[in-house]
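Reading through the structure tokens given below for one structure.
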Amino acid sequence: MSAGIQTLVSFALELEAGALRQRALPSATGILVTGMGRRKAEAAVADFLQRQSPGVVFTCGFAGGLNPELKPGDVLFETTDGGLRERLMAAGANLASFHCADRIATTIAEKSALRQQTGADAVEMESGAIHALCRERDIRCATVRAISDTANEDLPLDFNRISNPDQSLNYGKLAWAIARSPGAIPGLLRLQKNSRIAAERLAEVLLRVISPA
């Protein structure tokens with residue numbers, strides 16, 4: 001990553017970042033993949049901020065829908081910065097509220113409970129820690145996320161059960177889970193398709209914000 005980064009765009013997973021990497025970005029823009037979960041995001045972004053002093057940080061990736069009106073690929077944002085709010089709305093993102101969770105919300109029932117408890121529109125796992133780091137350093141920050149799974153659908157597998165202790169996916173457990181539940185394959189393919197759509201739409205919005213015409 002080059003020196004002099006002014007805009008940092010962080011993602012938990014390379015799958016979320018890939019579509020933006022394919023775009024031509026300003027040289028002062030950096031992409032950081034942190035790994036999943038609050039602790040990994042906090043450690044990776046804190047390390048980056050020891051070496052660089054960006055003016056803006058975007059915490060990005062996928063989110064699970066809690067608001068039943070949201071559809072796969074909808075791009076949402078949350079920020080306390082008025083200037084970023086205007087830029088994101090102009091780029092096609094919708095203002096929303098997020099809940100930063102410690103586990104993946106996998107079922108309709110779990111998503112409904114989170115909606116009732118928090119009032120949030122969507123759930124993700126990293127942005128709370130990143131916003132806290134930015135507040136400490138007086139850095140402008142926004143969460144920008146695209147919906148990969150809706151409030152009205154169960155995930156095809158409980159990804160919490162097939163993850164490593166650091167919340168990364170255990171591919172051996174994934175293969176075993178699919179072998180035991182082959183009926184999950186159509187749902188996994190649908191999730192893969194929706195994730196590609198979400199990554200593309202997220203990249204489109206971010207590019208408009210990072211590289212305004």
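Assorted remarks:
Conditions (1) outside any loop (DSSP other than H, G, I, E, B); (2) touching an Asp or Glu at 6+ places or on another chain (Cβ under 6 Å); (3) open to solvent by less than 20 Å² (accessible area, probe 1.4 Å), marked per residue:
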| site | (1), (2), (3) |
| --- | --- |
| Val9 | yes, no, yes |
| Arg23 | no, no, no |
| Pro26 | no, no, no |
| Asp47 | yes, no, no |
| Glu86 | yes, no, no |
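- Residues (surrounded by 18 or more Cβ atoms within 10 Å (Cβ to Cβ), over 12 Å from the mean Cα position of the chain (by Cα) and not in a helix (DSSP H, G or I)) located in region 105-146: Ala105, Thr106, Ala120, Asp121, Ile139, Cys141
- Filtered by the rule that a residue be of a type in the set (Asp, Glu) and under 21 Å from Gln52 (Cβ atoms), region 100-150 gives Glu126, Glu136, Asp138.
- Number of residues in region 161-184 that are touching a residue at least 24 places away in the same chain (Cβ under 8 Å) and part of a helix (DSSP H, G or I): the value is 1.
- Residues (in contact (Cβ under 8 Å) with a residue 60 or more places away in the chain, part of a loop (DSSP other than H, G, I, E, B) and open to solvent by 30 Å² or more (accessible area, probe 1.4 Å)) located in region 88-104: Gly92, Asp102
- Meets criteria (open to solvent by 30 Å² or more (accessible area, probe 1.4 Å), more than 15 Å from Ala63 (Cβ to Cβ) and at pLDDT below 95) for Arg180: yes
Here's the yes/no breakdown for (1) at pLDDT 95 or above; (2) in contact with a Cys (Cβ under 8 Å, 6 or more places away or on another chain):
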site	(1), (2)
Glu110	yes, no
Glu126	yes, yes
Ile130	yes, yes
Ile139	yes, no
Asp149	yes, no
Asp166	no, no
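- Test: Leu191 is modelled with pLDDT under 85, farther than 24 Å from Ala129 by Cβ and of a type outside the set (Gly, Ala, Ser): no
- Matching residues in region 69-109 - criterion: being over 23 Å from Val57 (Cβ atoms) and polar (S, T, N, Q): Thr106, Thr107
- Condition check for Lys40: charged (D, E, K, R), in contact (Cβ under 8 Å) with a residue 40 or more places away in the chain and in a loop (DSSP other than H, G, I, E, B): no
- Yes/no for Ala198 being among the hydrophobic types (A, V, I, L, M, F, W, C) and either surrounded by 18 or more Cβ atoms within 10 Å (Cβ to Cβ) or part of a loop (DSSP other than H, G, I, E, B) (or both): yes
- Residue check, Pro26 at pLDDT below 95 and touching a strand residue (DSSP E or B) at 6+ places or on another chain (Cβ under 8 Å): yes
The values are calculated or read from the model by the stated rules, or taken from the named source; none is laboratory data. The shown structure was predicted, so the numbers you read here are calculated from the model rather than taken from an experiment. When we count neighbours, we look across all protein chains shown, and the Cβ atoms used for this are built from the backbone with ideal geometry, even at glycine. Remember, those area values only see protein heavy atoms, side chains included, never the ligands or the DNA or RNA. Shrake-Rupley method; radii C 1.70, N 1.55, O 1.52, S 1.80 Å.
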